[in-house]
Structures are given as structure tokens and as C-alpha cells.
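Structure record follows, encoded as C-alpha cells.
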Amino acid sequence: MALRVAATPLTYVAHVLGIVGLVLVLVWTIHFRGGFAWEASNKNLIFNLHPLLMLFGFIVLGGEAIISYKSLPLTKEVKKLVHLVLHAIALGLGIVGIYTAFKYHNESGIANLYSLHSWLGIGVIVLYAIQWLYGFVTFFYPGGSSGLRSESLPWHVFFGLFVYILALGTAALGFLEKLTFLETGGVEKYGSEAFLVNFTAIVTVLFGAFVILSVISQGPPAEDEYSYSAI
């Protein structure tokens, strides 16, 4: 059941929060953590790609894909294509982002998949891929029957939001886990870097909250009987 508020202003807030989150994670990884590298003797530079790619891909682009039907003044078919492409990019960046975490662990002699964050992360990307593939073959190409699309849509929306909320929780756990390691290694608990990481996590959660609020709010009038909201 949709909220009796317009979705457009909520999508504007989501856009702003997404930009703020990206700026904060860039300040953290570049100013405090030394930047990025694919190959480096300082393996931390490899890891720095992980939070950037996961936040930009899974969280921000994934969120923008979800609200594309509520935020873009375009035809339904164009919105559907934007929705599909943004999710594909988000999935691709997420896969690379997870690979960088494995690469960092392997080259640093650190065990893989030992934390709740890593377990949930693998689960999220698998579910995300399944959701995207099902959406592609059902709603895009080759496309299911009108009856199948009609019956699938509510579950498609529900499952898409479920996976996205799970991704938000996994991201929050990731910030917590990394900050805990940094503080164990000497970063001040009440220092500027610790506050920055915590604020980045809060902005990430707020961005996700406004994405979800946008989805359940009143969007522009649908052009036909189908108005997709999440993939």
C-alpha cells in the first residue's frame, strides 16, 4: 500500500544522500587510507577498492535503479531499460568489489569468508544476480506472458527490496568490521577517521531508507497496467 505522499521529493533526497555517501567514502579511502591500487606492495590500497565499489555499485547505483520508475520523467519502456542497465552495472561492480576483498585477503595471508559480513555479502550478490536474471527473462527478453508478468511483479518487487535491505545491512556490518580492525590497529576511537566512517555508514543507511520510502510512495501516473518498482 503506497504512502499518501509524492515520491519525487523523496527521490531528490536520495540522490543527495547518495552523492554525500560517495564523497565521504572517497575522503576516507583517499585521504585517510592512501588511495587505490590494483597491484601494490601496500595491500591496503587494494582493499580500498572494496568499499568504494560496493557503495557506488550495490548501494547507490542499485538504489538509483530501484527508484528510476519514480524519479525519471521518461516513458515506461525507457525507464525499464534504465532500471535494467543500472542494476547490471551495480551487479558488475559488486562482483569486482567482492573480488578485490578476496584479492586483498589472499595477497595478505588473511583467511576468507570467516565473518558474518562476508557470508552475507556472498549471499547478497548471489540473490542479486538471480533477481536480475529473472527480471531480464521475464520482463525484458524474451519476456513472459502477460499473466506471468502480472503474477511475478509483486514478488519481484518484494524480493528486490528484500535483497536491497539485506545489502544495506551487509554494508553497515562492513563499515563496523573495518573500523573495529582499524581501531585495534591504533586508529583513535574518537578520532576524525572513526567519526567519518560512522557518518558514512549512517548516510548509507539513510540513503537506503529514502530509496525504500520512494518506492512505497505515490509515483507519477502509470502509462499502462504495469509499473515496475524494483528488480
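Structure above, values below:
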| read-out | value |
| --- | --- |
| Accessible carbon and sulfur surface of the chain relative to its total accessible area, %, 1.4 Å | 72 percent |
| For the stretch 177-191 and the stretch 13-82, distance of Cα centres in Å | 23 Å |
| Sparsely packed chymotrypsin sites (Phe, Trp or Tyr not before Pro) within the stretch 63-124, loop by DSSP, other Cβ within 10 Å at most 16 | 114 |
| Simple Cβ-charge dipole of the chain, Lys/Arg +1 and Asp/Glu -1, about Cα centre, in debye nearest 20 | 80 debye |
| In the stretch 1-98, the trypsin sites (Lys or Arg not before Pro) that fall in loop regions by DSSP, at most 13 other Cβ within 10 Å | 4 |
| Extreme residue, positive dipole direction of the stretch 43-109, given options 95, 108, 73 (C-beta unit charges) | 73 |
| Average accessible area per residue (Å²) across the chain - probe 1.4 Å, nucleic acids and ligands excluded | 50 Å² |
| With Cα atoms, 0 to 90° folded angle of helix 146-184 axis to the chain main axis | 10 degrees |
| With at most 14 other Cβ atoms within 10 Å, longest stretch of the chain clear of loop GluC sites (Glu not before Pro) (DSSP) | 40-187 |
| Calculated on alpha-carbon atoms, Rg and Dmax of the stretch 1-73 in Å | 16.1, 55 |
| For the stretch 150-193, alpha-carbon Rg and Dmax in angstrom | 17.5, 55 |
| Largest-first ordering by accessible area, 1.4 Å probe, given options 132, 38 | 38, 132 |
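The values are calculated or read from the model by the stated rules, or taken from the named source; none is laboratory data. Since we're looking at a predicted model, the values are computed, not measured. Cβ sites come from the backbone with ideal geometry, for glycine too, and all protein chains shown count toward neighbours. Accessible surface areas use protein heavy atoms only, side chains included; no ligands, DNA or RNA. Shrake-Rupley method; radii C 1.70, N 1.55, O 1.52, S 1.80 Å.
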